[in-house]
Structures are given as C-alpha cells and as structure tokens.
Amino acid sequence: MTVWRLKCEVCGSEREINVGFNLYEFKRVYIYCRNCKSNTLHVVLGHKE
Ligand SMILES: [Zn+2]
C-alpha cells in the first residue's frame, strides 16, 4: 500500500489516501472531498515511502 498526497482542484485542500496502485498513471483522480462534500477532481501531488 502507498500513501498518496492529493489536492482538490476545486477548493485546494490536500488529503492523503492509502491505495495499492500507482496514481501517477492517472495524474488526476476523482474522489470524495470532505471540504466540498462531493466528488471532485484531485491532482496527484506525490507519495510517501
Ligand atoms: Zn474540495
């Protein structure tokens, strides 16, 4: 599992998610933002080892 840092394109808030696949292949992912309270596009900022 890898911890990924994502940034919401709508509100700019950052969050971390734990997934087992490489998000660099997607560049952007559509997931839930707690700030926007809806699914929004998130930019992949990077990952933690
Ligand atoms: Zn947001």
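Please treat every number below as a calculation from the coordinates, not as lab data. Fair warning: this is a prediction, and the values are worked out from it, not measured in the lab. Cβ placement follows ideal geometry from the backbone for every residue including glycine, while neighbour counts extend to all protein chains displayed.
For Lys7, the aspartates and glutamates whose Cα falls under 15 Å of its own Cα, not counting residues fewer than eight places away in the same chain, are Glu16. Where Lys and Arg each count +1 and Asp and Glu each count -1, what net charge lies around Glu14 among other residues with Cβ under 15 Å from its Cβ? With Lys, Arg at +1 and Asp, Glu at -1, the net is +4. For Ser13, the residues 5 or more places off, or on other chains, whose built amide H falls under 5 Å of its own are Cys8. Quick check for you: which residues of the range 34-49 have the amide N under 16 Å from the point 7 Å beyond the Cα of Cys11 toward its beta carbon? So the set is 34-43.
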